[in-house]
1. Compute the label zone of ARG83 within the range 38-65: residues whose backbone N is under 18 Å from the point 7 Å along Cα-to-Cβ.
2. Return the long-range amide H neighbours of HIS86 (sequence gap of 5 or more, or a different chain), with a cut-off of under 5 Å between placed amide H atoms.
3. For the chain, what is the convex hull volume of its Cα atoms per residue in Å³?
4. On C-alpha positions alone, give me the angle between the axis of helix 103-115 and the longest principal axis of the chain, in degrees, nearest 10.
5. Could you work out how much longer the chain between THR33 and ALA104 gets when fully extended? Use 0.36 nm per residue separation minus the Cα distance between them, nm to one decimal.
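Just so you know, all these numbers are worked out from the coordinates, no wet-lab data involved. If you're wondering where the values come from, they're calculated on a predicted model, not measured in any experiment. Every residue, glycine as well, gets a Cβ built from its backbone with ideal geometry; the counts of neighbours run over all protein chains shown.
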Amino acid sequence: MASPPDQLAWRRPAVSPDVAFARDGETVAISYTAGTDPDLRMPRAIWFALRAEIRAGDRGAFHRLNAAWTPWTAASGGLAAERDGHVHLRYGYLGSHHIEIPAAVWRQICAAVRTGAINHLTD
């Protein structure tokens with residue numbers, strides 16, 4: 001069962017002032033001020049794949065996001081698209097899990113990953 005957000009050890013890196021990150025067992029939690037939900041949660045295995053694509057930079061799937069679905073990880077059936085100011089991430093069997101993140105927040109998540117500011121999520 002997921003821990004309540006107020007019981008997590010949140011970190012808000014300087015490169016992502018609107019985004020906080022925490023780990024809840026085998027789940028990564030992301031909280032941002034633009035969201036309506038208290039936080040986003042994804043399995044740590046999915047976070048590893050997401051982080052690898054972000055770190056790949058120009059070689060990764062995320063450098064060319066547009067309205068068309070782009071595969072980002074074969075292991076989890078991941079797809080990504082940027083539409084109407086939001087980045088949409090799908091993963092799992094037949095894309096059964098869907099996360100929608102404002103594009104500005106997505107850029108901050110990418111900055112935090114690239115600078116290593118949130119390496120604690122995978123320690």
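1. 62, 64-65
2. When sequence neighbours closer than 5 places are left aside, the close amide H contacts are ALA103.
3. Convex hull of Cα atoms, per residue: 107 Å³.
4. It is inclined by approximately 70 degrees.
5. Result: 24.5 nm gained on full extension.
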